[in-house]
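The values are calculated or read from the model by the stated rules, or taken from the named source; none is laboratory data. This is a predicted model, so every value here is computed, not measured. So basically every Cβ, Gly included, is an ideal-geometry build from the backbone, and we count neighbours across all protein chains shown. The accessibility values were calculated without ligands, DNA or RNA, using every heavy atom of the protein model including side chains. Shrake-Rupley method; radii C 1.70, N 1.55, O 1.52, S 1.80 Å.
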Amino acid sequence: MQLSDDAYQKKLAAIKRQQERARERAKDPEVIARKREKQRLALMRQREKERARQVDPTYRKAKVEKASRIKASAKPIRSKGLKGRSPSAEEKQIMNAIGQLPCICCMLHGRHSPIISLHHLDGRTKPWAHAKVLPLCAYHHDTPVNSEFEDLIPYHAKGKEGGRKAWELVNDDQWRLLIKCYELAGISLPFEVNVNGE
């Protein structure tokens with residue numbers, strides 16, 4: 001069944017009105033806040049579920065058995081890859097203290113983002129590498145996002161989105177931010193920092 005020109009135009013106008021209403025709703029700060037809160041709660045539920053699974057004795061036993069089977073058949077690993085070397089005890093304390101802070105970039109722009117990942121400034125194998133870290137939310141670290149906030153630029157570029165230069169133009173030099181993080185965490189720097197890098 002084909003629509004007449006008049007009916008087709010009415011249907012097209014209705015679709016355009018519906019799309020316009022959807023665009024307006026997407027710009028509404030309350031809708032954005034509800035969406036972010038929903039995402040935060042979903043992430044918290046996911047973390048709680050994972051914690052509960054980790055303490056389950058049957059899950060832990062199965063995990064140990066699987067690991068022993070893999071170790072028996074696997075070739076030795078020559079490189080630690082992106083993990084780098086293991087952090088020292090002092091580096092772990094520093095990482096824990098800085099990891100309690102919210103995203104430092106969001107804080108600079110008047111927002112509070114408590115869910116963060118630690119961004120390493122100077123590799124993962126150099127001396128004090130694990131102590132040279134910034135607390136960053138996913139959007140300031142490595143996840144591009146279409147947002148009304150122009151400062152949400154990922155440090156690690158994905159395609160044309162983000163990159164160190166664009167990130168530092170909006171958020172400040174990463175070494176200055178490292179000093180600020182140490183001040184906020186109430187710990188002293190165990191190494192010297194030049195403002196433009198070490």
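Normalised by the number of residues in the stretch 90-153, the average gap of Cα pairs under 8 Å and 6 or more apart makes the relative contact order 32 percent. Working note: Debye formula, equal point scatterers on the alpha-carbon atoms of the stretch 136-186, no solvent; log10 I(q)/I(0) at q = 0.13 Å⁻¹ is -0.31.
Computing the accessible area with a 1.4 Å probe over protein heavy atoms, can you report the carbon and sulfur percentage for the stretch 83-198? Present the calculation step by step, with values, prior to reporting the outcome.
Working: 3110 of 6290 Å².
Answer for the stretch 83-198: carbon and sulfur cover 50 percent of the accessible area.
Phi angles of the stretch 173-184 translate, via the Karplus equation with coefficients 6.51, -1.76, 1.60 and θ = phi - 60°, into HN-Hα couplings of 5, 5, 6, 5, 5, 4, 4, 4, 4, 4, 5, 5 Hz per residue; Gly and Pro are given as x. Note: relative contact order over the stretch 23-177, using C-alpha pairs below 8 Å and six or more positions apart, is 13 percent. Scalar couplings 3J(HN,Hα) for the stretch 44-59, obtained by applying the Karplus form with A = 6.51, B = -1.76, C = 1.60 to θ = phi - 60°, are 5, 4, 4, 5, 4, 4, 5, 4, 5, 5, 5, 8, 5, x, 5, 5 Hz; x denotes Gly and Pro. Each peptide in 110-121, 183-194 gets a packing score, the mean of other Cβ atoms within 10 Å over its residues, and the list from highest to lowest is 110-121, 183-194. Which of these, Asn171, Asn146, Asn96, has the largest mean-square fluctuation under a Gaussian network model of the chain (Cα springs below 10 Å)? In the Gaussian network model the winner is Asn146.
How large is the convex hull of the C-alpha atoms of the chain per residue, in Å³?
Working: hull volume 48.3 nm³, N = 198.
Cα convex hull per residue, to the nearest whole number: 244 Å³.
By the equivalent-ellipsoid construction on the alpha carbon gyration tensor, the stretch 107-198 comes out with semi-axes of 23, 15, 12 Å, ordered largest to smallest.
Heavy-atom accessible surface of the chain, averaged per residue, reaches 74 Å², computed with a 1.4 Å probe.
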